[in-house]
Amino acid sequence: MASILWIGLAALGLFIFYWKSIYEALCERHRLIKAMAKIPGPPAIPILGVTWMLKWKVEGLVDQLFEWFSIYTNEGVGAINLWLGPQPMVIVINAEYIKAVLESNTLISKGKEYSIIERWLGTGLLTSTGDKWRNRRKMLTPAFHFNILNSFVFSHDKEAQIFVNTIEKFSDNDKIFDIFPFVKRCALDIICETSMGTKINAQINYDHPYVMAVQRMNELSFLYTRMPWMWLKPIWYASGYGNEYDHTLKLVTDFTRKVIEERGREFRQNPPQHPTNGSIEGTKKRYAFLDLLLSVQDEGKLTTEDIREEVDTFMFEGHDTTSSGMGWTLWTLAHHPEIQEKVIQEIDAVFGDSNRPCTPDDLKELKYLENCIKESLRLFPPVPLFTRRVEEDVECEPTLAVAKRSILSNCAMRFTTASAHP
């Protein structure tokens with residue numbers, strides 16, 4: 001009897017001690033639900049939200065999102081509300097709202113949806129926030145100087161030639177084939193050399209462990225993002241995906257650490273030359289992204305793990321977005337033969353019958369091709385959706401306020417609407 005009394009008193013004491021926190025949490029939750037109710041969106045049910053309506057396959061999910069965006073855009077709505085399980089998300093579809101988010105100096109914290117890749121990328125430039133994000137961005141900007149980028153043009157040209165030779169075999173028949181896997185491997189080869197200063201020959205060695213691991217990491221990350229119930233660790237690991245993710249993550253990060261170690265020794269024994277002008281003829285060593293990080297490490301500003309985070313971030317962001325842009329550009333050109341013919345004529349005018357490598361000066365002459373690439377990027381943005389975590393209330397308009405701690409999602413798909421681009 002006495003033990004029951006003591007347990008009861010302990011429970012009462014804990015309740016009294018935490019009642020204020022519990023009360024504030026309940027009030028905040030009520031305020032959040034009330035604020036979200038003011039924003040239109042598909043019907044949600046308790047616990048599951050709108051996840052019960054989402055299509056399983058990627059193609060179906062994309063079509064479904066486009067349909068929702070089109071419906072609400074035509075109604076003149078600037079943002080819609082989606083409940084992904086118990087978590088609310090505001091999808092911004094108004095161009096002015098999108099601009100406000102992109103130009104904001106405070107809305108830089110990433111949403112919960114990025115948590116799955118934080119274990120892979122750590123808190124690199126993509127996932128970091130606050131002063132760390134600002135300092136890293138300032139520190140890494142020199143890596144994208146035109147002279148450094150130009151020093152890799154010949155590498156790009158070489159990998160592009162391998163790509164052309166690979167897909168040329170398909171030109172002998174009229175069968176439709178998926179070009180994207182070939183584009184992705186080409187981009188991976190280019191990014192590996194420019195970021196890590198190493199070659200993996202993904203276009204030739206299809207079974208390279210790193211190539212396969214990066215591909216699977218992308219698949220698992222996307223799967224995790226679109227299934228909110230997987231955000232619960234017990235479910236994530238019970239499904240088998242958690243253990244597979246851990247195993248694949250180890251393969252990717254071990255490869256990166258090995259490259260950093262080997263490149264670090266080479267860097268200190270024979271530092272690469274900084275290109276001083278657009279010409280790289282005679283340059284034996286090129287200044288890869290990793291080399292910049294190693295030079296900063298020598299100044300005591302970065303640890304080895306910091307370098308690993310940034311290299312993996314550059315690899316993830318670089319090859320995925322680049323391959324998407326390349327793939328959709330080729331797709332749009334294939335669907336518009338008359339435009340494709342003009343691109344061919346421009347290339348012939350610059351290169352003629354020569355098989356010489358492409359140079360930075362040649363790229364400046366390909367104005368029409370550049371416009372085609374930019375139009376393709378508008379129609380099919382490599383990053384069509386991204387999220388920001390709102391740390392404080394944001395007034396989008398008098399009737400629309402995004403509540404504190406909600407997730408604000410910016411939809412770049414807005415660039416395809418007729419009102420923005422008549």
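One residue is enough: does region 64-78 have a residue meeting the conditions over 21 Å from Phe222 (Cβ atoms) and touching a strand residue (DSSP E or B) at 6+ places or on another chain (Cβ under 7 Å)?
yes
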Checklist entry - Can you name the residue in region 18-49 that is farther than 27 Å from Phe69 by Cα and surrounded by fewer than 10 Cβ atoms within 10 Å (Cβ to Cβ) and is also farthest from the chain's Cα centre (by Cα) among such residues? => result Lys20
Checklist entry - Among the residues of region 147-165, is any more than 28 Å from Gly327 (Cα to Cα) and surrounded by 16 or more Cβ atoms within 10 Å (Cβ to Cβ)? => result no
Next on the checklist: I need the full set of residues from region 49-89 which are in contact with a Phe, Trp or Tyr (Cβ under 8 Å, 6 or more places away or on another chain) and among the hydroxyl-bearing types (Ser, Thr, Tyr), in order please.
Outcome noted: Thr51
Item to check | Members of region 348-383 found to be closer than 20 Å to Ser155 by Cα, among the hydrophobic types (A, V, I, L, M, F, W, C) and more than 31 Å from the chain's Cα centre (by Cα), listed by number | outcome: Val350, Phe351
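Filter region 204-221 for residues that are of a type in the set (A, V, I, L, M, F, W, C), part of a helix (DSSP H, G or I) and more than 18 Å from Lys57 (Cβ to Cβ) and give the result.
As a first pass, look at region 204-221 and keep what is of a type in the set (A, V, I, L, M, F, W, C): 204, 211-214, 217, 220.
Add one more test, that the residue is part of a helix (DSSP H, G or I), and what stays is 211-214, 217, 220.
The answer is Val211, Met212, Ala213, Val214, Met217.
Taking the residues in region 349-368 that are free of Cβ contacts under 8 Å to residues at least 60 places away in the same chain, surrounded by 12 or more Cβ atoms within 10 Å (Cβ to Cβ) and of a type outside the set (D, E, K, R) as candidates, determine which candidate is farthest from Gln161 (Cα to Cα). Outline the logic, then answer.
Just the residues of region 349-368 that are free of Cβ contacts under 8 Å to residues at least 60 places away in the same chain, to begin with: 349-356, 362, 364-368.
Right, trim to surrounded by 12 or more Cβ atoms within 10 Å (Cβ to Cβ) and you get 350-351, 362, 365-366, 368.
Among the residues that remain, those that are also of a type outside the set (D, E, K, R) are: 350-351, 366, 368.
Working: Val350: 17, Phe351: 15, Leu366: 18, Tyr368: 21 Å.
Top of the filtered list is Tyr368.
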Next on the checklist: Among the numbered criteria (1) under 20 Å from Thr225 (Cα atoms); (2) free of Cβ contacts under 8 Å to residues at least 12 places away in the same chain, which one does Ala25 miss?
Outcome noted: (1)
Next on the checklist: What's the total number of residues in region 47-77 that are in a loop (DSSP other than H, G, I, E, B) and either in contact with an Asp or Glu (Cβ under 9 Å, 6 or more places away or on another chain) or farther than 20 Å from Arg226 by Cβ (or both)?
Outcome noted: 4
Next on the checklist: I want to confirm something. Restricting to region 55-76 and keeping residues that are crowded, with 18+ Cβ neighbours inside 10 Å and not aromatic (Phe, Trp, Tyr), which single residue is modelled with the lowest pLDDT?
Outcome noted: Thr73
Next on the checklist: Quick check on Arg356: is it outside any helix (DSSP H, G or I), at pLDDT below 90 and farther than 30 Å from Val252 by Cβ?
Outcome noted: yes
Checklist entry - Which one of these is of a type outside the set (A, V, I, L, M), out of contact with any Pro (no Cβ under 9 Å at 6 or more places or on another chain) and crowded, with 20+ Cβ neighbours inside 10 Å: Gly130, Gly124, Gly111? => result Gly124
Checklist entry - Mind checking which residues of region 94-122 are of a type in the set (Val, Ile, Thr), in a loop (DSSP other than H, G, I, E, B) and within 19 Å of the chain's Cα centre (by Cα)? => result Ile108
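Can you confirm whether Pro46 is at pLDDT 80 or above, in contact with a strand residue (DSSP E or B) (Cβ under 8 Å, 6 or more places away or on another chain) and either under 23 Å from Gly78 (Cα atoms) or not aromatic (Phe, Trp, Tyr) (or both)?
So Pro46 does not fit the description; no.
Among the residues of region 170-206 satisfying the criterion of being acidic (Asp, Glu) and within 19 Å of Asn150 (Cβ to Cβ), which is farthest from the chain's Cα centre (by Cα)? So that I can check it myself, show each step before the final result.
So in region 170-206, the residues acidic (Asp, Glu) come out as 172, 174, 178, 189, 193.
When the remaining residues are screened for being within 19 Å of Asn150 (Cβ to Cβ), the result is 189, 193.
Values: Asp189: 18, Glu193: 20 Å.
If we take residues in region 170-206 being acidic (Asp, Glu) and within 19 Å of Asn150 (Cβ to Cβ), then Glu193 is farthest from the chain's Cα centre (by Cα).
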Item to check | Candidate set: region 294-328, residues that are farther than 21 Å from Phe144 by Cβ and in contact (Cβ under 8 Å) with a residue 12 or more places away in the chain; chosen: the one farthest from the chain's Cα centre (by Cα) | outcome: Thr304
Checklist entry - For residues in region 290-307 being modelled with pLDDT of 80 or more, under 17 Å from Lys138 (Cβ atoms) and touching a Gly at 6+ places or on another chain (Cβ under 9 Å), which is surrounded by the most Cβ atoms within 10 Å (Cβ to Cβ)? => result Ile307
Checklist entry - Which of (1) touching a Lys or Arg at 6+ places or on another chain (Cβ under 7 Å); (2) in contact (Cβ under 8 Å) with a residue 60 or more places away in the chain does Trp231 not meet, given it meets every other one? => result (1)
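Quick one: which helices (runs of 4 or more DSSP H) sit completely within region 123-170 and have at least 2 residues that are of a type in the set (Asp, Glu)? Can you show your working first?
Numbers: elements: 130-140, 146-150, 153-168.
Once the helices (runs of 4 or more DSSP H) in region 123-170 are filtered for at least 2 residues that are of a type in the set (Asp, Glu), what remains is 153-168.
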Next on the checklist: I'd like to verify a number: residues in region 245-258 that are surrounded by fewer than 18 Cβ atoms within 10 Å (Cβ to Cβ), more than 21 Å from Ser195 (Cα to Cα) and within 21 Å of the chain's Cα centre (by Cα), how many?
Outcome noted: 1
Item to check | Unmet criterion (only one of (1) part of a loop (DSSP other than H, G, I, E, B); (2) modelled with pLDDT of 75 or more; (3) more than 26 Å from Arg378 (Cβ to Cβ)) for Asn81 | outcome: (1)
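The values are calculated or read from the model by the stated rules, or taken from the named source; none is laboratory data. Nothing here was measured: the structure is a model prediction, and the numbers come from that model. Counting neighbours? That spans all protein chains shown, and the Cβs are built from the backbone with ideal geometry, glycine included.
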